[in-house]
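First up is the structure itself, then whatever we jot down about it.
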Amino acid sequence: MLNFLKSSVGRKYIMGLTGLVWVGFVLTHMAANMLILFSAEAYNKYGHALTSNKLLLYPAEAVLLGAILVHILCAISLTIDNRKARDSRYAMQPSGEKAPPKPSQFMGIQGSMILAFIIFHLITFKYGTHYDVTYDDVVMRDLHRLVLEVFQSPGYVTWYSVCLVLLMFHLSHGAQSVFQSFGFLERKMQGGIKVFAWAYALIIFLGFLSQPLYVFLIHKN
């Protein structure tokens, strides 16, 4: 079992599984963010319910952190192995039909920028300015106010939007790669899986993008 996990195939399986953890998280996080389109109270109450339950919050954060670290380590090790294999076989990089798909050539760059975005996003919102608001005699953090402040900045909205585009491409290619790693990418299924992967990535992109656009274009302070 240990030898399998160390193998190229095993690491691809691990990358797929850890990627799926974040695929699920991204979807639920996007759906929750859209509460801002309804009311500040709904948005803040959801955030309070999520962060006040420490028995669920800490294990969930540990799983997400572990998943992304393992995902990154597997990606780095597989990239190193692939480069060594190419260097030993080719004097020049393959081109034309023999070249690897364009999206796969930039997965590392996309992943690095997305990681930087996640860190910056956490600094901005999780550890950002703390405002209080009271609903039903319960004092909670006013995340809605912080979001309104942050997304009034054209620079932040631009940065956020660019990172969402990168996330969309990363998710679409990653979802297809997961099916391939798990052996589901038969020729007759390729079209449907590709459509599903792009549809999922587009939904995530549009869902997340709705928040800054709503604040910047409609909900002016």
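The values are calculated or read from the model by the stated rules, or taken from the named source; none is laboratory data. Remember, predicted model here, so these are calculated numbers, not experimental data. A quick note on method: Cβ atoms are made from the backbone with ideal geometry, for glycine too, and the neighbour counts reach across all protein chains shown.
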Open item on the list: Pull out all pairs, ordered by first then second residue, where Cβ-Cβ is under 9 Å, the residues are six or more apart or on different chains, the first lies in the stretch 111-133 and is in contact (Cβ under 8 Å) with a residue 40 or more places away in the chain, and the second is of a type in the set (Lys, Arg) and surrounded by 15 or more Cβ atoms within 10 Å (Cβ to Cβ).
Closed with: VAL133/ARG141; VAL133/ARG145
Open item on the list: For the stretch 92-164, give me every one of the helices (runs of 4 or more DSSP H) that falls completely inside it and has 1 or more residues that are modelled with pLDDT under 95 and farther than 30 Å from GLY174 by Cα.
Closed with: 143-150
Open item on the list: Among the residues in the stretch 41-59, are any at pLDDT below 90, surrounded by 14 or more Cβ atoms within 10 Å (Cβ to Cβ) and among the basic types (Lys, Arg)?
Closed with: no
Task: Residues satisfying the stated conditions in the stretch 60-80, i.e. under 15 Å from the mean Cα position of the chain (by Cα) and exposed (fewer than 11 other Cβ atoms within 10 Å of the Cβ) - done: LEU65
Open item on the list: Here are the criteria: (1) on the phi > 0 side of the Ramachandran plot; (2) surrounded by 17 or more Cβ atoms within 10 Å (Cβ to Cβ). Tell me which single one ASP137 does not satisfy.
Closed with: (2)
